[in-house]
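Beneath this line is the structure, given in C-alpha cells, with notes to follow.
Read-outs: derived from the displayed coordinates by stated rules, not from any lab. Just so it is clear, the structure is predicted and the values come from calculations on it, not from any experiment. In this analysis, Cβ positions are derived from the backbone assuming ideal geometry, glycine residues included, and neighbour counts consider all displayed protein chains.
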Amino acid sequence: MVAYSIERGGVANEANFAAQYFLQAYAPERMALSSDPAGSSAQVYKLTLLDSDQKSFGGYRTEIGLKNEYVKEGERWYAFGFYIAKPWDTSDVPIVMAQLHTSQKNLALSPPVSIVARGDSLYLTLYGSDKAVDAEVPPSIKNSAKRVVYLGPVVTQQWLCFVVNMDWSHMPGQGRTRVWMNKRLVYQSDNDLNSYDTWLGNYLKVGLYAPWKLGTPSRQVYVDALWASDAAAGFDSMHRKTICGKSGS
C-alpha cells in the first residue's frame, strides 16, 4: 500500500464528519447521513438546498468540504462522487456540484475548477490568472482566463465519480491539470497556469451551490466521501477510494 505524507478525507459516518469535514449550509439539517441510493452498503451524505434558504457564507449553498486542506502550489490528487436525485429541474440556471475553490481576503473570484450543471448539460469550468492580488489591476472574473468543457448530459440516479490531479500554479508556463469522470479522462492541460495568486490556497467542496437562484423549490444530491492526497498517489489509488471504485465500476 502506498504511504502518503498527506491524506485527508474519510468515509461517511457521524463521528468522522466533524473531524474531517466542514458544512456550509443555511441550517445543519440540510445535511444527513444516508444509505447509498444506488443500493450499495456504503453510507453517504444527503444534501438538500431549498429555494427559501437564506445565504450561507455569501451564497445559496449546501456544501461539504475538507477541513484544513488548502494548497497554494504543488501537486494534489482529489477524489469525490455525487449522485443527482430526482426530480431534477433543468431550468437554465447554473448549479455548481463541485468546486476546487480559491481562498481570498477581498477578491471575489470564480473557482479554478468547478463542475456545473446547467439546463440538461454538465460542464467542467476552469479559471486562472497570473495577476498578483495586490497589483494595480488585480485578478477578476472578467480578466481571468476561462475554459468550459462539455462533459455530457446531466445524469440523475447514477453516481458520477471524479478524480482530479492538480499541479497548482498561477505562473505562466507552469501547472498541470487532469480530470477523470467515471474513469474517462475528460480534460488535460500541461505547462499551463490553473489557479490564482491565492491567500490560504485552493480547497475542495462538493454539494449544491446556486450562484443566481435555485430555479426550483428544492434540489437534492448525495455525496460520497471526499479525499485529497499528495503526489505519491495516482489515478488508480484515488479512484478506488470513490464509491464507483469500491463497486468495481
Fill in: Net charge of Cβ neighbours under 13 Å - reference G119; Lys, Arg +1; Asp, Glu -1
-2
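Assigning unit charges at the beta carbon (Lys, Arg +1; Asp, Glu -1) and nothing else, what dipole magnitude in debye, to the nearest 20, does the chain show about its Cα centre?
Computed charge dipole of the chain: roughly 320 debye.
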Response to the item:
For S247 and E7, extending 7 Å from Cα along the Cα-Cβ vector and measuring point to point gives, in nm, a value of 2.4 nm
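May I ask for the net charge around K46, where only other residues with Cβ less than 12 Å from the Cβ of K46 are counted and Lys, Arg are +1 while Asp, Glu are -1? Kindly include the intermediate steps, with their values, before the conclusion.
Details: positive: R30, R219; negative: E29, D36, D224.
Within the 12 Å Cβ shell, the charges total -1.
By average Cβ neighbour count within 10 Å, what is the ranking of 76-85, 98-107 from highest down? Please list the in-between numbers first.
Details: 76-85: 24.3, 98-107: 18.7.
Per-residue Cβ counts within 10 Å, averaged per peptide and sorted highest first, yield 76-85, 98-107.
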Worksheet entry | the stretch 117-155-the stretch 46-73 distance, computed between alpha-carbon centres (Å) | 18 Å
Discussion item. Give me the one-decimal nm value for the distance between modelled label points at R240 and Q174, 7 Å along each residue's Cα-to-Cβ direction.
Written reply: 3.3 nm
Worksheet item: P(r) of the stretch 105-249 in 10 Å steps, Cα pairs, percent per bin?
Response: 10, 37, 36, 16, 2, 0
Worksheet, complete the sentence: From the cross-link list K86/K183; K131/K246; K46/K213; K105/K213, the entries with a Cα-Cα span beyond 32 Å are K131/K246
Worksheet item: In whole Hz, what ³J(HN,Hα) sequence does the stretch 128-145 give by Karplus (6.51, -1.76, 1.60; θ = phi - 60°), x for Gly and Pro?
Response: x, 7, 9, 6, 6, 5, 9, 6, 4, 10, x, x, 8, 4, 6, 9, 8, 5
Item to complete: Set Lys and Arg Cβ to +1 and Asp and Glu Cβ to -1, take the dipole of the stretch 9-247 about its Cα centre, and tell me which of T242, L23, G74 lies farthest positive.
Response: T242
Worksheet, complete the sentence: With Rg from the Cα atoms and Rh as the Kirkwood inverse mean 1/r over Cα pairs, the stretch 9-247 has an Rg/Rh of 0.94
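All other residues with a Cβ under 13 Å from the Cβ of V186 taken together, and with Lys, Arg as +1 and Asp, Glu as -1, what is their net charge?
Details: positive: R147, R178, K183, R184; negative: none.
In short, +4.
So, by mean Cβ neighbours within 10 angstrom, what's the order for 54-62, 221-229, 19-27, 142-150 with the highest one leading? Don't skip to the answer; put the middle values down first.
Numbers: 54-62: 15.4, 221-229: 25.0, 19-27: 17.4, 142-150: 11.7.
By packing density, highest mean first, the sequence is 221-229, 19-27, 54-62, 142-150.
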